[in-house]
């Protein structure tokens, strides 16, 4: 059963209200900017208390248990709490128009709720919150409204893992599936490529909290995810030492039963420079796969390096940013 449906509407509202209070001295994410977003102040993410969704679409480009035959209904959140030089969603994560009028907060929550309900009406299996770490209070407000109007689909929390533990605890019993991307094992690399501090420590604590809440991903007889964590790791050029340490963390500090999605889709887009200015090699990807198998990770989702296009989005077309989404790149072994 969908997790939040097991809570009373009153309890869901209480969680949303408690989360919203964090905006008054914002510590929603690990930046802990201490700005009052309710009064219009902004910190690292540049957002106030209203919720901006850049695109809400049926998506087929995720791992098979999250897609099924009907897709996942993804809400792509505007802005981000990281500044990855190679971000494939840079149009909405970093280049969003800061001059756009700021919606009334309540109106913006209603719009997001309606978007989730619209995706449900299109028949998707799940609702995915993509890059949600800096706007969890707004998403909870929207979820409360959507549930009151009949939303029943499980929630996928699709995160860069730069999440605050206190915020994640408010999601306990609400989120069904966590889809964190563990990016780096070394803080200096995270500072260079994503312009944030303490990423390895913070991200690992966050993923362990996710794992505490829901355990490893469980898949039903229809091949669909029911509950749990599926960890992603994007293999970067010249960063195999980070990949090795990340794989060790998943296998030895979490559990070898946690499915791992090893992504080869890196492309040098946006501001990628220096050692990031190339695709990864077959040798790099095969080494990562070999290590994952040697560490005993039971379920791997892999991508084909031979694919000419790894489905780079174009959010200039928000209604269809993934025109090649019908070609899936992911398979499991």
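The values are calculated or read from the model by the stated rules, or taken from the named source; none is laboratory data. Because the structure is a prediction, the values reported are computed rather than measured. Note that each Cβ is placed from the backbone with ideal geometry, even for glycine, and that neighbours are counted across all protein chains shown.
Some observations on this one:
- In the stretch 238-258, residue nearest to residue 216 (Cα to Cα) [restricted to those that are in contact (Cβ under 8 Å) with a residue 60 or more places away in the chain and buried (at least 22 other Cβ atoms within 10 Å of the Cβ)]: 250
- Matching residues in the stretch 132-142 - criterion: being in contact with a strand residue (DSSP E or B) (Cβ under 7 Å, 6 or more places away or on another chain) and either free of Cβ contacts under 8 Å to residues at least 40 places away in the same chain or under 16 Å from residue 7 (Cβ atoms) (or both): 139
- Residues in the stretch 213-221 include none that are farther than 21 Å from residue 173 by Cβ, in a helix (DSSP H, G or I) and at pLDDT 95 or above.
- Among the residues listed as 298, 306, the single one being farther than 30 Å from residue 53 by Cβ, without any contact (Cβ under 8 Å) to a residue 24 or more places away in the chain and in a loop (DSSP other than H, G, I, E, B): 306
- For the stretch 234-247, a residue qualifies if it is in a helix (DSSP H, G or I) and farther than 16 Å from residue 301 by Cα, and the qualifying residues are 240, 241, 242, 244, 245.
- Single unsatisfied condition, residue 58 versus (1) more than 30 Å from residue 273 (Cβ to Cβ); (2) touching a strand residue (DSSP E or B) at 6+ places or on another chain (Cβ under 8 Å); (3) surrounded by 23 or more Cβ atoms within 10 Å (Cβ to Cβ): (3)
- Inter-residue pairs, beta-carbon under 8 Å, first more than 20 Å from residue 314 (Cβ to Cβ) and in the stretch 83-103, second outside any loop (DSSP other than H, G, I, E, B) and modelled with pLDDT of 90 or more, 6+ apart: 83/194; 103/111
- Applying the criterion of being over 23 Å from the mean Cα position of the chain (by Cα) and part of a helix (DSSP H, G or I) to the residues of the stretch 22-47, the residue that is farthest from residue 145 (Cα to Cα) is 25.
- Residue 250 under 19 Å from the mean Cα position of the chain (by Cα), farther than 21 Å from residue 93 by Cβ, modelled with pLDDT of 95 or more and assigned to a helix (DSSP H, G or I): yes
- The listed residue being in contact with a strand residue (DSSP E or B) (Cβ under 7 Å, 6 or more places away or on another chain), closer than 22 Å to residue 124 by Cα and touching a residue at least 40 places away in the same chain (Cβ under 8 Å), out of 158, 220: 158
- Some residue of the stretch 55-70 being within 22 Å of the chain's Cα centre (by Cα), closer than 23 Å to residue 195 by Cα and either in a loop (DSSP other than H, G, I, E, B) or modelled with pLDDT of 95 or more (or both): no
- Every residue from the stretch 72-97 that is farther than 16 Å from residue 181 by Cα and out of contact with any helix residue (DSSP H, G or I) (no Cβ under 9 Å at 6 or more places or on another chain): 90, 91, 92, 94, 95, 96, 97
- Of the numbered criteria (1) closer than 20 Å to residue 294 by Cβ; (2) over 15 Å from the mean Cα position of the chain (by Cα), the one residue 217 fails is (1).
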